[in-house]
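Heads up: the structure comes next, in structure tokens.
The values are calculated or read from the model by the stated rules, or taken from the named source; none is laboratory data. Source: prediction; values computed, not measured. Reconstructed Cβ throughout: ideal geometry from the backbone, glycine too, with neighbour counts over all protein chains shown.
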Amino acid sequence: MRRRWDAQQVAGAAGAQLLRAPASGTDGPERTTIDSRKATPGSLFVGLPGENVDGGSFAAAALSNGAWGVLVTPEHGDAVTTGSGAAGSGSGAVLTAAEPLAALQRLARAWRRQLGARVIGVTGSTGKTSTKDLLLGVLSPYRLTVASRANFNTEIGLPLEILAAPPGTEVLVLEMGMRGPGQIAELARIAEPDVGVIVSIGPVHLELLGSIEAVAAAKAELIAGLAPGATAVIPAGEPLLDPHLRDDLRTVTFGSGGDVRFASAADTRVEIDAEGERLTFAVDFTEAHLRQDLLAAVAAALAVGVQPGGRLELALSPGRGQQRKLAADVTLIDDSYNANPVSMRAALDALAATATGGRRVAVLGDMLELGPDAERYHEQIGAHADGIADLLVTVGPLAAAMARGFRGEHVHLDDATAAVAELPAVLHAGDVVLVKASNGVGLGRVCEALTTAARA
């Protein structure tokens, strides 16, 4: 649906200057993109300056492709209206701002307010993506719900996801990623969440943050960013968050001993005690970490006025634990998108719970950004895998330390390229294969290669 904002309103919302209005029509853009290749008719192209390429240099190309308009720095705006690039710059709107990213963020915040949707912000050391996916499944039968895609959880991705939400959206679920101090606070300022969910606190980004207490403080920026009267959803019994709690918020805890906890959980039937209310779900997953994330999702759903229940089918984001059947009855568990010590243990526990007549194979790569204790964390994961995996395949220099804690059969591969080439020869018929590592290791290529070979 076309936005009912004209070019002047778009410029005002973004805090930008309107150098040129569209030649025809009064409607605003239908969508927003930072990729000039996707700057097709109806789109607003935002040219972001980058380390290697300045997106504003593609403004003329975007306009010539029929884009509704461009939002760029004044230098690039002048070039497409009066300079050498003006001749082929089409007839779309030209908006300028000294900092196009800040303008994009202001525009997103204005659209969030225009929507009038309830906004749920989700962060955590582990489980934030699966909690976001669960919230989409829990809320969709009751409200028109939009959840952010894949890894659109940064200062660039989050505003794009807000702007992608159509008119009529009732609940907007936004994942919030963190690489350092101040980043969650920035995302909260853009999204203005009504509910802030912190799924977990664990040893991630230690190379940058230095301590688990600093990780908790960075995640707790979401609590600090909530307006008085909003709801904070946090794990029960997490002392690292205690210093960051606020008396002017409603705080709901989830997990054992929390406000939202399991009454019973057997096979596919789950009963949840939510502050005295009994909610029953029929679920298609048994993994313990996903069920814990379900508690967080239910707490957040209740906070926006939805009392969920019934059948829940979870559609996980790519690389977050999807299971696929390959040739020779091999089962692939693709959890390759990211990893840290907490999520590695959860994935191995899920592998342990997988019923199979074949071997359990754990293909585990480096966990990055763990700081000076990285080797110890990797060795501990190897010890956790001992007794779970029949075969441990380690990938990368850090992952090699896992072998010291593992007493079973072990194969080490130098990198993802070697894993793509050599892993098929290691697998046997009937194996269940878990693939997990930090995204930078590239084990998604391994999952892709195994899947492609199965289709051939």
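See the values below:
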{"item": "Helices (runs of 4 or more DSSP H) within region 352-456 that include 2 or more residues polar (S, T, N, Q)", "result": "444-455"}
{"item": "Set Arg345, Arg445, Arg404: member being buried (at least 18 other Cβ atoms within 10 Å of the Cβ) and out of contact with any Leu (no Cβ under 9 Å at 6 or more places or on another chain)", "result": "Arg345"}
{"item": "Set Asp259, Asp284: member being under 24 Å from Ala350 (Cα atoms) and in the same structural domain as Glu192 (by TED's automatic domain parsing)", "result": "Asp284"}
{"item": "Considering residues of region 307-322 that are outside any strand (DSSP E or B) and among the charged types (D, E, K, R) only, the residue surrounded by the fewest Cβ atoms within 10 Å (Cβ to Cβ)", "result": "Glu313"}
{"item": "Test for Ser211: is it without any contact (Cβ under 8 Å) to a residue 24 or more places away in the chain and closer than 16 Å to Met178 by Cβ", "result": "yes"}
{"item": "Set Ala102, Ala164, Ala93: member being farther than 21 Å from Ala299 by Cβ, within 20 Å of the chain's Cα centre (by Cα) and in contact (Cβ under 8 Å) with a residue 60 or more places away in the chain", "result": "Ala164"}
{"item": "Within region 386-401, tally of residues that are within 26 Å of the chain's Cα centre (by Cα) and over 18 Å from Leu206 (Cβ atoms)", "result": "2"}
{"item": "Some residue of region 356-371 being within 22 Å of the chain's Cα centre (by Cα), surrounded by fewer than 21 Cβ atoms within 10 Å (Cβ to Cβ), in the same structural domain as Met402 (by TED's automatic domain parsing) and in contact (Cβ under 8 Å) with a residue 40 or more places away in the chain", "result": "yes"}
{"item": "Test: residue in region 29-43 that is within 25 Å of the chain's Cα centre (by Cα) and hydrophobic (A, V, I, L, M, F, W, C)", "result": "yes"}
{"item": "Residue satisfying all of: in region 327-349; among the aliphatic types (A, V, I, L, M) and assigned to a strand (DSSP E or B); farthest from the chain's Cα centre (by Cα) among these", "result": "Leu332"}
{"item": "Residue match in region 250-273 (condition: under 29 Å from Asn439 (Cα atoms) and not aliphatic (A, V, I, L, M))", "result": "yes"}
{"item": "Yes/no for Thr82 being among the polar types (S, T, N, Q) and without any contact (Cβ under 8 Å) to a residue 60 or more places away in the chain", "result": "yes"}
{"item": "Verdict on Glu409 being in contact with a helix residue (DSSP H, G or I) (Cβ under 8 Å, 6 or more places away or on another chain), in the same structural domain as Ala327 (by TED's automatic domain parsing) and either surrounded by 14 or more Cβ atoms within 10 Å (Cβ to Cβ) or modelled with pLDDT of 95 or more (or both)", "result": "no"}
{"item": "Residue check for Glu155: crowded, with 22+ Cβ neighbours inside 10 Å, of a type in the set (Asp, Glu) and within 13 Å of the chain's Cα centre (by Cα)", "result": "no"}
{"item": "Which listed residue, of Gly25, Gly12, is surrounded by fewer than 19 Cβ atoms within 10 Å (Cβ to Cβ), out of contact with any Lys or Arg (no Cβ under 8 Å at 6 or more places or on another chain) and at pLDDT 95 or above", "result": "Gly12"}
{"item": "Matching entry among Val122, Val138, Val171, Val146 (being within 13 Å of the chain's Cα centre (by Cα), assigned by TED's automatic domain parsing to the domain that holds Glu186 and not acidic (Asp, Glu))", "result": "Val122"}
{"item": "Subset of region 237-277 that is over 17 Å from Val195 (Cβ atoms), of a type in the set (A, V, I, L, M) and in contact with an Asp or Glu (Cβ under 9 Å, 6 or more places away or on another chain) - its residue that is modelled with the highest pLDDT", "result": "Leu240"}
{"item": "Flag if Asp386 is touching a residue at least 24 places away in the same chain (Cβ under 8 Å), farther than 20 Å from Gly177 by Cα and surrounded by fewer than 24 Cβ atoms within 10 Å (Cβ to Cβ)", "result": "no"}
{"item": "Cβ pairs under 8 Å, 6+ apart, first in region 190-201 and part of a loop (DSSP other than H, G, I, E, B) and modelled with pLDDT of 95 or more, second crowded, with 24+ Cβ neighbours inside 10 Å and of a type in the set (Ser, Thr, Tyr)", "result": "Val199/Thr123; Val199/Thr126; Val199/Thr131; Ser200/Thr126"}
